Amino acid sequence: PVKLKPGWSYTLGINCPSAKNFRSADGIPAEVTWYRFETMAYTGAPQILETDPPNGAKNIDPALSEIRVTFNMDMGKGFSWCGSGENYPTIPEGKSAYWLEGDRTCVLPVRLKPEWSYEIGLNCPSFDNFQNTEGTPLAPLLLAFTTRSATQSIGEAKTQ
């Protein structure tokens, strides 16, 4: 087993003129063979540029109908919105997550309750389908926010 570094050139020899320790069971040395290869450059793991609602936000309008996450690079078409239970947003029947054109913003349709705390994972230990086009996954992140009362005005929410 080996661990290769991204963006590196490697040379691997099977035997060489001064050392012929790779041998058959009969003691015959293997032919001197050289392998040269390069690993692909690592562009880095995807990073989140913005979430809507913002992570940790309070007093979010319970009428918000979708959660959005925007990444710093083109993403594959998969996604892993992780979680369950009473603090996971309700997904409206017949709706599902989708990518906006450009493959950098994923949208999750939701139905929220007033005065409620929500938690939703973006990737998790079991599912990591938020990946860039090279297959590098987003490090798991917990997005958390709370909604305001249904009767609270936007102006009141901004002062709190």
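With respect to ASN72, determine if the residue is more than 26 Å from the chain's Cα centre (by Cα), closer than 30 Å to PRO140 by Cα and touching a residue at least 24 places away in the same chain (Cβ under 8 Å). Answer is no for this residue. Just to be sure before I move on: is ASN132 open to solvent by less than 50 Å² (accessible area, probe 1.4 Å) and touching a residue at least 60 places away in the same chain (Cβ under 8 Å) in the structure I sent? It is true that ASN132 is open to solvent by less than 50 Å² (accessible area, probe 1.4 Å) and touching a residue at least 60 places away in the same chain (Cβ under 8 Å). Out of the residues in the stretch 1-19 that are under 45 Å from the mean Cα position of the chain (by Cα) and open to solvent by 100 Å² or more (accessible area, probe 1.4 Å), which is farthest from GLU134 (Cα to Cα)? Step by step, filter the stretch 1-19, then rank; the result is PRO1. Taken over the stretch 115-127, residues that are free of Cβ contacts under 8 Å to residues at least 60 places away in the same chain and either open to solvent by 70 Å² or more (accessible area, probe 1.4 Å) or of a type in the set (A, V, I, L, M, F, W, C) (or both) amount to 8.
Taking the numbered list (1) outside any loop (DSSP other than H, G, I, E, B); (2) modelled with pLDDT of 95 or more; (3) in contact with a Ser or Thr (Cβ under 9 Å, 6 or more places away or on another chain); (4) not charged (D, E, K, R) in turn, ASN129 passes all entries but (1).
In the stretch 145-156 there is no residue that is within 20 Å of LEU49 (Cβ to Cβ) and in a loop (DSSP other than H, G, I, E, B).
Of the strands (runs of 3 or more DSSP E) lying entirely inside the stretch 20-111, those containing at least 2 residues that are surrounded by 14 or more Cβ atoms within 10 Å (Cβ to Cβ) are 48-52, 66-71, 105-109.
The values are calculated or read from the model by the stated rules, or taken from the named source; none is laboratory data. All of these numbers come straight from a predicted model, not from anything done at the bench. When we count neighbours, we look across all protein chains shown, and the Cβ atoms used for this are built from the backbone with ideal geometry, even at glycine. Note: accessible area is taken over every heavy atom of the protein model, side chains too, but ligands, DNA and RNA are not part of it. Shrake-Rupley method; radii C 1.70, N 1.55, O 1.52, S 1.80 Å.
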